[in-house]
1. Relative to the longest principal axis of the chain, what angle (0 to 90°, nearest 10) does the C-alpha long axis of helix 433-448 take?
2. Any idea what angle helix 403-416 forms with the longest principal axis of the chain, computed on alpha-carbon atoms, 0 to 90 degrees, nearest 10?
3. Quickly work out the residue 367-to-residue 385 label distance, labels modelled 7 Å from Cα along the C-beta direction, and quote it in nm with one decimal.
4. Between residue 64 and residue 175, take the C-beta separation as r, use R0 = 30 Å, and let me know the FRET efficiency to the nearest 0.05.
5. Determine, for 471, 415, the number of other Cβ atoms within 10 Å of each Cβ, and report the residues in order from fewest to most.
6. Could you list 337, 71, 395 so that the one with the fewest beta carbons within 10 Å of its beta carbon is first and the one with the most is last?
7. Can you put 176, 308 in order, fewest other beta carbons within 10 Å first?
8. Could you work out how far helix 115-128 tilts from the main Cα principal axis of the chain, as a 0 to 90 degree angle to the nearest 10?
Ligand SMILES: Nc1ncnc2c1ncn2[C@@H]1O[C@H](COP(=O)(O)OP(=O)(O)O)[C@@H](O)[C@H]1O
Ligand SMILES: [Mg+2]
């Protein structure tokens, strides 16, 4: 395969932050080339330069022997390059079909858009994923995963030469991921070049021809993906050190959890959704929930914060029965919720980090009527340091941060008000191994200071390393529980989650 896309001595600085440092490698025509690297390694920056959204500070990109002279998206698009962003970028008020073909090429001879033809084409693409969605449906009636697929389809239909995918699977379920893999194989068979960023090494192993690893903006190497290339090897190249056995720093057996119950749910039920959910959270405990797609775990995660109503059941906070279960009761009582979708869950992407960190605490940060800018800045800087957020200044907008840094910012906002209970939904979805480890460490440090945590995660290693107990859901109910020490293994959890007879004893 000839070198099709050459990246030559590429550097990019954002103010004082160097995102790429003299990176050179090349991508062959028609290959699936994966980009792997920790949070902040420069992956998104690199493909934004290829898609013309950012211009390099130094170095160049050569496509098909021709150096790119002008870095702008329209230019890249005209050369058949299309990109799916890390953050969902869809037009929620438009139809599904219009999202797939936003600047539609289905013009009739008179210059009018040929709606029927466009919808037919859109439907054909939707059918590739077997989605029960019509092209005329409004985008905001779709689930996050479905919206993400539509964005991928827009890219697939626009990218005639090179398709750039930035962590496309973070919002997809297992079946959807499988479909995406099929589509990438199909693109490859059509000779289209795919650059694929994912933090999921298993996906990269499955789909890519070669893998390029970046670390802190520096090129580490490009490796042929064959059976000799192991996942552990890739991880150690990515983080720059050898790792022994496990990915995460597991929680020690130091028995912080106490007998004291801080939060309890009794007999939560909702018709056709979940039935008879009961559990209690102890002070200083990390209680996990695991369930496969459709198990009801996701519903429970929303119900216990009042984001979805139960038909029946009771909840107790420190022994007190709650009259109402909703954020406006829970937040003042010291119960915070950290969601997985950074865009829709409270992060003001276009306001400075300073404002994001201060809003929940405006009272404490004010003197009388007026906010005290000094106090605000001190507060924000304290959290940026404590949680190791890579950001040029407190005035930077979250939009410009990598996924891991956004998540750390969200985490800081939740913790800023000093909550006693934290409910977390997929704390590290879509972020890299290094940032994952850091977030786990923050959680465990807060536990030592008396925080109690409920964590919903689809990643078993994450639950195993964090939790004292994991409640496993299957078929819309609690199917069993595993405890740290005796039986917390992936096999046991999976057996229960699959609702199998072997997992029934509990
Ligand atoms: N627009 C921006 N302004 C300031 N810093 C940025 C911007 N975009 C990215 N960065 C910084 O550049 C570095 C690389 O980021 P990124 O390319 O998003 O990494 P990755 O995608 O590998 O996680 C990070 O330190 C990030 O915070
Ligand atoms: Mg990124």
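1. Compared with the principal axis, the helix lies near 20 degrees.
2. The answer is roughly 30 degrees.
3. Output for this residue pair reads 2.2 nm.
4. Details: r = 36 Å, r/R0 = 1.22.
Rounded to the nearest 0.05, the efficiency is 0.25.
5. Taking fewest neighbouring Cβ atoms as first place, the list is 415, 471.
6. Numbers: 337 23, 71 18, 395 13.
Arranged by neighbour count, lowest to highest, 337, 71, 395 become 395, 71, 337.
7. Ranked by crowding around the Cβ, least crowded first: 308, 176.
8. Computed tilt is about 60 degrees.
Values quoted throughout were computed directly from the atomic coordinates according to the rules given, and no laboratory measurement underlies them. Keep in mind the model is a prediction, meaning the values are calculated, not measured. Methodologically, a virtual Cβ is constructed for each residue, glycine included, from the backbone with ideal geometry; neighbour enumeration extends over all protein chains shown.
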